[in-house]
Amino acid sequence: MQLTPAEAKLSIQKIGRGYRVKIVKTDGTKIAGFINSIDADSFRINNGNAFTGFHFFTIPYADVAAVRSPFHAALKTAVETNKVIVVTGLIFLGTIVVVGIVCLAIVVF
């Protein structure tokens, strides 16, 4: 299934600058690297490093067939896990506060 330019742009924007992506272009070319910049009609990927040299590719959204980002998925999972931990912690603290108030009420009255 090939992405429309609007879907490709939305996918890239959701992933964001600095994250690793794997792009499959409409001609079958595969490019992996880090999103360097996101523009209105295209985005840039850097797939090099300081030792091999930086290689930048400007890719129009119309040329994108598929977008994958394993690190973004892992980050999303970590954020969701942290939300569950925070909510559980708040419930626990709320329970302690309620028990403390009840104990104080029993002692005072």
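The values are calculated or read from the model by the stated rules, or taken from the named source; none is laboratory data. This one's a predicted model, so the numbers in the text were calculated from it and none came from an experiment. Note: ideal-geometry Cβ built from the backbone for every residue, glycine included; neighbour counts use all protein chains shown.
Annotations
- Apart from one condition, SER42 fits all of (1) of a type outside the set (Lys, Arg); (2) touching a Pro at 6+ places or on another chain (Cβ under 7 Å); (3) at pLDDT below 80; the exception is (3).
- Some residue of the stretch 26-34 being closer than 17 Å to PRO5 by Cα, of a type outside the set (S, T, N, Q) and in a loop (DSSP other than H, G, I, E, B): yes
- Exactly one residue out of PHE54, PHE109, PHE71 is of a type in the set (A, V, I, L, M, F, W, C), surrounded by 11 or more Cβ atoms within 10 Å (Cβ to Cβ), modelled with pLDDT under 90 and over 14 Å from the mean Cα position of the chain (by Cα), and it is PHE54.
Quick grid of which residues meet (1) small (Gly, Ala, Ser); (2) part of a strand (DSSP E or B); (3) touching a residue at least 60 places away in the same chain (Cβ under 8 Å); (4) surrounded by 12 or more Cβ atoms within 10 Å (Cβ to Cβ):
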site: LEU3; (1), (2), (3), (4): no, no, yes, yes
site: SER11; (1), (2), (3), (4): yes, no, no, yes
site: GLY18; (1), (2), (3), (4): yes, no, no, no
site: ILE59; (1), (2), (3), (4): no, yes, no, yes
